[in-house]
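Undergrad: This is the structure, below, for whatever I ask next.
The values are calculated or read from the model by the stated rules, or taken from the named source; none is laboratory data. Computed from a predicted structure; not experimentally measured. Don't worry about glycine lacking a Cβ; one is built from the backbone with ideal geometry, like all the others, and counts go over all protein chains shown.
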Amino acid sequence: MPLLEVIDLSVSFDTPGGELQAVRDVSFSLDAGEILAIVGESGCGKSVLCKAVTRLLPDTARIKSGSVVIDGLSLSSMPERKVQKLRGQLFSMVFQDPMSALNPSLSIGAQIAEAVRVHAPCMKRSEVRERVLELLSLVGIDRAADMYKLYPHNLSGGQRQRVVTAVALASGPRLLFADEPTTALDAGLQTQILDLLRDIRQRLGTSTVLISHDLGAVARAADRGAVMYAGKIVETGTTEEIFYDPRHPYTWSLLLSLPSRAERGRKLHSISGTPPTLIDPPSGDAFAPRNPWALEIDYEQSPPMFRVTDTHFAATWLLDPRAPKITPPIGGNDRG
Amino acid sequence: MAEILLDVRGLTHRYAMTSSRSVTALDGVSFQIRHGEIFGLVGQSGSGKSTAARCIMNLLRPTGGDLHYKGVDLLDPKQRRENRRMLQTTRQLIFQDSASSLNPRMTLADIITEPMVINSVKPPRGSMRAEAEFQAAKVGLSPSCLDRRPPELSGGQRQRAAIARALCMEPELLIADEPVASLDVSVQAQILNLFRHFQTEHGFSLLFIAHDLSAVHWLCDRVGVLFHGLLVESAPTTELFENPLHPCTRALLSSVPLPDPRRERQRRLERFDTDTLPAAETLREVSPEHFVLKED
């Protein structure tokens, strides 16, 4: 049985302009010890999806339908008091901005200790300290005993991100949600934090949902990937399938627009137009107006998830047996 | 070889912390940008890239060194006064943080055309509004954004407005401080294409400051590597990426993420220890145009 199962989740915001459908019929699952990356451009609904799963949505949001099951417990029908208990214990979250996620007036040791005590109120002082030092060394902070007393402003961005991760791991969650954990860091530190996520998985067996807009991060850290566009998951598969054999035109476009794939001096592929507004989204495939490979049916009817392999699914009419055969501009073989 | 547009020699900047302590952000940095050239400045965060940009734009007064732009001494107040209009219209800067560099009380249309208003430039496309729409379309902003104010927009939209504002003067030298770091890949591709287009069509020069080395590799003609305020290596792009000589450069190159799972997982970070950096070093030319910091 999967550790996390999300079925047909839809989330809307009521805005003065009408109902904004931020997440539309999203389903995915995650096994124990797996790292799933959700990739997409800003505004595609990936953060809202993450917040909906952890029940951290603001009051203006409304879960229209769908269910979230973590470890056999149905989160969507649970009262807030009970969810509060599970937060941290069963799942926890690594926030995006390590500058604002930490309290500047408390030492980092005290902040991690706070997270430890919330979930184990009876723990002795010395035990708490022991546990904090253990967490600090787990997230790769050397000389933990010296670092205990330092304040967030004494630390570099990478170290702060490690502390934020330690806070999230304080009560031994089985599932970690990491919302853009590396965006604020430079390339070398990004690699270190992504390796840390893999290392934690190796040592503690923690599953991770990694939310990112950076395909390089996905390639490094994730076992499986889900590509989101306009509130929907358009393609899901193992990391290798997504990068070496992508099937959805949006995934093609994303990969083609990376400068590291392009030849020097050749024009970069860029996606024309802008993403649709999610207030009253188009009835067909939301990507169709920007898609050079769009079929007529794309404008009328939204495609179901077509199966490519047992792990690889994509929502594009191009996979329908009746669709014309086209040569994908990228991938289609094992080497990419 | 094209004429030198910007000449930076021995640029040094110290930020004073207290009256007795200071931090050296730039330490004797020299490089030249020629007409129609895209020069990349790369380095870890805190290596002095933004300080260099601010010194070149006269936003900071350097502690030492020489700055010449089109033959004008940028550090001489008299020469600066005499060439004020030329300096203001042909040099433009795109700031790193679009949240704090756009006036939250102005609409995007006003922001984009403000440089033209200030310099009383007659809009070539008739009205200021038409000009704003033209520039917005170029960076992929929809016209509906033009009547909104920065806080109502996403980071990507704001960044594109900042780029449109800099481009509306059709500058000869554009200094772009991390212009694409906050953008999504598809928009990033569009902006990089636009920079390349401006270079080939209008022959403008660009100082491109970035930490994303794959974008630098694709866009720049020459690259300089900064490390703790020192320019440790500078070379034509292909030469630098194929034959990095300084350990800092090698460490930096090993940190480039690849959108390719198998190769990406085999990539190892090269460690670089600051202590191994010898104290006395000079910049030497090892092959044509390839300079590297070496021991005396």
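Undergrad: Is region A:239-249 home to any residue that is more than 7 Å from chain B (Cβ to nearest Cβ) and in contact with a Cys (Cβ under 7 Å, 6 or more places away or on another chain)?
TA: Looking through region A:239-249, none of the residues is more than 7 Å from chain B (Cβ to nearest Cβ) and in contact with a Cys (Cβ under 7 Å, 6 or more places away or on another chain).
Undergrad: Pick out the one residue from A:Leu210, A:Leu255 that is buried (at least 19 other Cβ atoms within 10 Å of the Cβ), away from chain B (no Cβ under 11 Å) and touching a residue at least 40 places away in the same chain (Cβ under 8 Å).
TA: Working: A:Leu255 fails: away from chain B (no Cβ under 11 Å).
A:Leu210 is the lone residue from the list that is buried (at least 19 other Cβ atoms within 10 Å of the Cβ), away from chain B (no Cβ under 11 Å) and touching a residue at least 40 places away in the same chain (Cβ under 8 Å).
Undergrad: Let me ask something additional. So, in region A:273-283, of the ones that are modelled with pLDDT of 80 or more and more than 17 Å from A:Thr251 (Cβ to Cβ), which residue ends up farthest from the other protein chains (Cβ to nearest Cβ)?
TA: Applying the filter and picking the extreme gives A:Ser283.
Undergrad: Scanning region A:145-189 for residues that are over 20 Å from the mean Cα position of the chain (by Cα) and polar (S, T, N, Q), which turns out nearest to the other protein chains (Cβ to nearest Cβ)?
TA: Filtering first and then ranking leaves A:Ser156.
Undergrad: For region B:229-242, enumerate the residues that are surrounded by fewer than 23 Cβ atoms within 10 Å (Cβ to Cβ), within 14 Å of chain A (Cβ to nearest Cβ) and not charged (D, E, K, R).
TA: Hits for region B:229-242 are B:Pro236, B:Thr237, B:Thr238, B:Phe241.
Undergrad: How many residues are surrounded by 24 or more Cβ atoms within 10 Å (Cβ to Cβ) and either of a type in the set (Ser, Thr, Tyr) or at positive phi (or both) if we restrict to region A:168-189?
TA: Residues in region A:168-189 being surrounded by 24 or more Cβ atoms within 10 Å (Cβ to Cβ) and either of a type in the set (Ser, Thr, Tyr) or at positive phi (or both): 1 in total.
Undergrad: Is it fair to say A:Leu49 is within 13 Å of the chain's Cα centre (by Cα) and outside any loop (DSSP other than H, G, I, E, B)? Explain how you work it out, then say what you get.
TA: Working: within 13 Å of the chain's Cα centre (by Cα): yes; outside any loop (DSSP other than H, G, I, E, B): yes.
So A:Leu49 passes the test.
Undergrad: Let me ask you something else. Hey, A:Leu75 hits all of (1) buried (at least 17 other Cβ atoms within 10 Å of the Cβ); (2) over 19 Å from A:Glu5 (Cα atoms) but one; which does it fall short on?
TA: Only one criterion is unmet by A:Leu75, namely (2).
Undergrad: I've got another one for you. Quick check on region B:165-179: of everything there that is among the charged types (D, E, K, R), touching a residue at least 60 places away in the same chain (Cβ under 8 Å) and assigned to a loop (DSSP other than H, G, I, E, B), which residue is nearest to the other protein chains (Cβ to nearest Cβ)?
TA: If we take residues in region B:165-179 being among the charged types (D, E, K, R), touching a residue at least 60 places away in the same chain (Cβ under 8 Å) and assigned to a loop (DSSP other than H, G, I, E, B), then B:Glu178 is nearest to the other protein chains (Cβ to nearest Cβ).
Here is a yes/no grid of residues against (1) on the phi < 0 side of the Ramachandran plot; (2) facing chain A (nearest Cβ under 8 Å):
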site: B:Arg196; (1), (2): yes, yes
site: B:Thr200; (1), (2): yes, no
site: B:Gly203; (1), (2): no, no
site: B:Leu245; (1), (2): yes, no
site: B:Val256; (1), (2): yes, yes
site: B:Glu270; (1), (2): yes, no
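Undergrad: Also, quick follow-up: Hey, any hits in region A:262-271 for a residue that's under 20 Å from A:Ala315 (Cβ atoms) and touching a Pro at 6+ places or on another chain (Cβ under 8 Å)?
TA: No.
Undergrad: Search region B:121-162 for residues being within 12 Å of chain A (Cβ to nearest Cβ) and either in contact with a strand residue (DSSP E or B) (Cβ under 7 Å, 6 or more places away or on another chain) or not in a helix (DSSP H, G or I) (or both), and hand back the single one that is modelled with the lowest pLDDT.
TA: So, considering only residues that are within 12 Å of chain A (Cβ to nearest Cβ) and either in contact with a strand residue (DSSP E or B) (Cβ under 7 Å, 6 or more places away or on another chain) or not in a helix (DSSP H, G or I) (or both), the one modelled with the lowest pLDDT is B:Ser154.
Undergrad: Determine, yes or no, whether B:Leu283 is outside any helix (DSSP H, G or I), in contact (Cβ under 8 Å) with a residue 60 or more places away in the chain, more than 9 Å from every other protein chain (Cβ to nearest Cβ) and buried (at least 21 other Cβ atoms within 10 Å of the Cβ).
TA: So B:Leu283 does not fit the description; no.
Undergrad: Within region A:151-165, can you find the residues that are free of Cβ contacts under 8 Å to residues at least 60 places away in the same chain and more than 14 Å from A:Asn103 (Cβ to Cβ)?
TA: Of everything in region A:151-165, those that are free of Cβ contacts under 8 Å to residues at least 60 places away in the same chain and more than 14 Å from A:Asn103 (Cβ to Cβ) turn out to be A:Ser156, A:Gly157, A:Gly158, A:Gln159, A:Arg162.
Here's the yes/no breakdown for (1) under 30 Å from A:Arg322 (Cα atoms); (2) crowded, with 24+ Cβ neighbours inside 10 Å; (3) within 13 Å of another protein chain (Cβ to nearest Cβ):
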position	(1), (2), (3)
A:Thr191	no, yes, yes
A:Leu196	no, no, yes
A:Arg220	no, yes, yes
A:Glu235	yes, yes, no
A:Ile271	yes, yes, yes
A:Asp285	yes, yes, no
A:Asn291	yes, no, yes
A:Ala294	yes, no, no
A:Pro303	yes, no, no
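Undergrad: Could you list all residues from region B:1-57 that are within 21 Å of B:Val232 (Cβ to Cβ) and among the charged types (D, E, K, R)?
TA: B:Asp7, B:Arg9, B:Arg14, B:Asp27, B:Glu37, B:Lys49, B:Arg54, listed by residue number.
Undergrad: Can you tell me which of B:Ala162, B:Ala136, B:Ala132 is within 30 Å of A:Ala217 (Cα to Cα) and either surrounded by fewer than 20 Cβ atoms within 10 Å (Cβ to Cβ) or of a type in the set (A, V, I, L, M) (or both)?
TA: Numbers: B:Ala136 fails: within 30 Å of A:Ala217 (Cα to Cα); B:Ala132 fails: within 30 Å of A:Ala217 (Cα to Cα).
Of the residues listed, the single one that is within 30 Å of A:Ala217 (Cα to Cα) and either surrounded by fewer than 20 Cβ atoms within 10 Å (Cβ to Cβ) or of a type in the set (A, V, I, L, M) (or both) is B:Ala162.
Undergrad: Scan region B:199-212 for residues that are over 13 Å from the mean Cα position of the chain (by Cα) and either farther than 28 Å from A:Thr274 by Cβ or surrounded by fewer than 20 Cβ atoms within 10 Å (Cβ to Cβ) (or both) and jot them down.
TA: Within region B:199-212, the subset over 13 Å from the mean Cα position of the chain (by Cα) is B:199-204.
Hits for region B:199-212 are B:Gln199, B:Thr200, B:Glu201, B:His202, B:Gly203.
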